[in-house]
Structures are given as structure tokens and as C-alpha cells.
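Accompanying notes for the structure given below.
The values are calculated or read from the model by the stated rules, or taken from the named source; none is laboratory data. Remember, it's a predicted structure, so these values are computed and weren't measured experimentally. No Cβ is skipped: glycine too gets one built from the backbone with ideal geometry, and neighbour counts run over all protein chains shown. Calculation scope for accessible area: heavy atoms of the full protein, side chains included, ligands and nucleic acids excluded. Shrake-Rupley method; radii C 1.70, N 1.55, O 1.52, S 1.80 Å.
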Amino acid sequence: MAIPVALSNRHIHLSQKDLDCLFGPGYTLTKLRDLSQPGQFAAKEKVKLIGPKGILEDVRILGPVRNQTQVEISIGDGYQLGIMPPVRPSGDLADTPGCIVVGPKGVVELKNGVICAQRHIHMSTEDGARFKVRDKEIVKVRCGGLRALVFDQVLVRVSPNFRLEMHLDIEEGNAAGLKNGNFVEILKEG
């Protein structure tokens, strides 16, 4: 059973408080395009990230706003910034490094919130039943092609609101020769 792939580049999810600080009070994000997961979108707005050793320009904001600001970068981005982002599921921000976020109207100094998102699969409740997996289960995933490999430690996220898709960061996707829209499969043990 095939699962479509989406590669994720560096991005940031902002709280309304931090969005207001960076863009002005009461600011609303401008939708550039919808993302595959219902209600999620890439915004036109971008920010700059500053770490102890470097800067990342033009980091896209993803909407809608969240309760807590979260920066998702790759391990390579972390080297450039001088930050070692832990590999974590989205939302698991305890004991993570921070960085400075610069917008057109302000600056936010994050004490924490920088992660490298754990590779994961979004799927609906029906997909979970079809694939015989449950929410928060860890699976292995195989991708074919000239650079075929098996991804271990893939987190499954099951929700009635999700659409079937595996998310990898751009570095992992490139290592496997994957592009958006390619397909992978869950490996079943035994």
C-alpha cells in the first residue's frame, strides 16, 4: 500500500503573540497556498533566523497560528546556525534550543522551540485501520529507486482530520532520491 511523500524545508510555526511582535499588533498571515493537511497553509510572510554561528534568511511561516512558536530546521541548518536541534515530534519542545527570529517590525528571542522534526506519516482513522497501525506507533518505511533505503523510527500520526502523507525533511528526502509525490511503503515485521 503506497504512501505519498512530502519533503519539508525549514519553516516556522508562530504563536499569535510572536506574530504580533514580528509583524505588528493584530497581524494576520496571508495564505500563499494550501498544504496537504486540512487547514494548514504556507504563508507569504517570511522571517530571518539568527543563531550563535549564522543566519538563515527567508524562512517561510506556516499557518495557522499555534499556541506555541516552533522552528523546524534540518540538521544541516543547525550546523549553519550553530544550534543542535534535537529530532522530535512536532510540539515536543521541552529542553530544546532557541534562536532569534527577526521580522519586519520586531524581534523575538526564543528560549526554546527549535527542532528537527521526526520523520512521520499522517493518516486518517480509516487509513490507520487499512494499514493496521495506531497513533504514535513507530514503523519502518521502504523507498525504492536507485537510492533505495529503509527509514527506521517513523512516527505514525492517526487522526480523522489527516490526509495520508509521509513527511521527511529535505535532507533525508535528498539522501533517498525522493521528490514530492513519490511513494513509499510501510514494512510489516514478520
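Go ahead and estimate [θ] at 222 nm for the chain from helices alone: -39,500 (n - 2.57) per DSSP H run with n ≥ 4, summed, over the residue count, rounded to 500. Intermediate values should be presented prior to the final figure.
On the way: 4 runs with 28 residues, N = 190.
So the calculated ellipticity at 222 nm is -3500 deg cm²/dmol.
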Quiz item: Rounded to the nearest whole Å², what accessible area per residue is found for the chain with the 1.4 Å probe?
Solution: 52 Å²
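Of Lys17/Lys53; Lys17/Lys136; Lys46/Lys111, which sit over 22 Å apart, Cα to Cα?
Details: Lys17/Lys53 27 Å; Lys17/Lys136 30 Å; Lys46/Lys111 20 Å.
Where the Cα-Cα span goes over 22 Å, the pairs concerned are Lys17/Lys53; Lys17/Lys136.
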Practice problem: With θ set to phi - 60°, apply the Karplus curve 6.51 cos²θ - 1.76 cosθ + 1.60 along region 108-120 and write out the HN-Hα couplings as whole Hz, x wherever there is a Gly or Pro. | Solution: 10, 9, 6, 7, 8, x, 9, 9, 9, 5, 5, 4, 7
Quiz prompt | Derived scalar couplings ³J(HN,Hα) [region 150-163; Karplus, 6.51 cos²θ - 1.76 cosθ + 1.60; whole Hz; x for Gly, Pro] | solution = 10, 8, 9, 6, 9, 7, 9, 10, 10, 7, x, 8, 8, 10
Quiz prompt | Alpha-carbon centroids, region 133-190 and region 1-70: separation in whole Å | solution = 23 Å
Exercise. Please list the non-local residues whose amide H lies under 5 Å from the amide H of Gln118, H modeled 1.01 Å from N, same-chain partners needing a gap of 5 or more.
Key: Arg88, Ser90
Quiz item: Hey, any idea what % of the chain's accessible area is carbon plus sulfur with a 1.4 Å probe?
Solution: 51 percent
Quiz item: How much of Lys136 can a 1.4 Å solvent probe reach, expressed as accessible area in Å² and rounded to 10?
Solution: 130 Å²
Exercise. Using +1 at the Cβ of each Lys and Arg and -1 at the Cβ of each Asp and Glu in region 80-190, identify which of Gly103, His167, Gln153 lies farthest towards the dipole's positive end.
Key: His167
Self-check item: For region 1-90: rounded, prolate or oblate by the Cα gyration tensor [a/c cutoff 1.5]
Solution: oblate
Self-check item: Base-10 log of normalised Debye intensity for the chain (one unit scatterer per alpha-carbon) at q = 0.16, 0.18, 0.19 Å⁻¹
Solution: -1.03, -1.24, -1.33
Quiz item: With the chain treated as a Gaussian network of Cα nodes joined by springs under 10 Å, which of Ala42, Ala148, Ala117 yields the largest mean-square fluctuation?
Solution: Ala148
Exercise. Mind grabbing the base-10 log of I(q)/I(0) for region 105-190 at q = 0.20, 0.21 Å⁻¹? Debye formula, identical points on the C-alpha positions, no solvent, two decimal places.
Key: -0.94, -1.00
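Sorted by accessible area with a 1.4 angstrom probe, largest first, how do Leu56, Leu29 fall?
The residues order as Leu29, Leu56, largest area first.
Tally the DSSP beta bridges in region 114-161 and give the antiparallel ones as a percent, rounded to 5. Walk me through the numbers on the way to the answer.
Numbers: 5 of 9 bridges.
Expressed as a percentage, antiparallel bridges in region 114-161 total about 55.
Return the percentage of antiparallel bridges among DSSP beta bridges fully within the chain, rounded to the nearest 5 %. Walk me through the numbers on the way to the answer.
Details: 32 of 48 bridges.
Antiparallel bridges: around 65 percent, rounded to the nearest 5.
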